[in-house]
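One structure below.
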Amino acid sequence: MIGKLKGKVDAIGESFLIVDVHGVGYEVQASSRTLRNLKPGDDVTLTIDTHVREDAIRLFGFQSEFERSWFRTLQTIQGVGAKVALSVLGVLGPQEIANAVVLGNWAAVEEAPGVGKKLALRIVAELKDKAPSLSLAGLPATPGGGPAAAVAPVGLPAAEAISALTNLGYNPAQANQAVALASRELGEAADTAALIKRALKELAR
């Protein structure tokens, strides 16, 4: 199976691009968001999800492992195939999907072509249990190079925020530290939604 392609963009179509790898052109399906960020002649490295069927082999390309994880997870939901999953990722980036799931914002998911209200509601509801477990790069470091120390926040909003992030697949220690930093920045009066939004930004760095 092909897991990664590194080459030059040879051409871009409505829903795909051709990646030239040492003279061999690979047709790769990609989200509209990914395609908008590329142009012919660009050097490109894509994480690939390979789908093999009796009559065809299809390659789906992503700009990060994080994005591919969401692509795979979206397809575990009834009514969501590769086309719809790419459509969602074309409207919402991986972190924006995480925000929508945590906050129950099905309307944001409904913006994707081919996704109606009923399916958007199902996606948001089911992703809370099926969100990918992801390895995220670090939170801010101390001047000495070690991880920044953050005291575990207290109170119901902080606890709910940590629980929500953990349910999304984030490492509990990372979720705790991100919420601690968010709480420190926003103050004790911050509600759960505000803490989650700020913590997600921290985790996306």
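Of the residues in segment 32-39, at least one is within 18 Å of the chain's Cα centre (by Cα) and over 17 Å from residue 82 (Cα atoms). Do we have any residue at all in segment 47-61 that's assigned by TED's automatic domain parsing to the domain that holds residue 8, charged (D, E, K, R) and in contact (Cβ under 8 Å) with a residue 24 or more places away in the chain? Looking through segment 47-61, at least one residue is assigned by TED's automatic domain parsing to the domain that holds residue 8, charged (D, E, K, R) and in contact (Cβ under 8 Å) with a residue 24 or more places away in the chain.
The values are calculated or read from the model by the stated rules, or taken from the named source; none is laboratory data. Keep in mind that what you see is a predicted model, and the values were worked out from it rather than measured. Backbone-built Cβ (ideal geometry, glycine too); neighbour counts: all protein chains shown.
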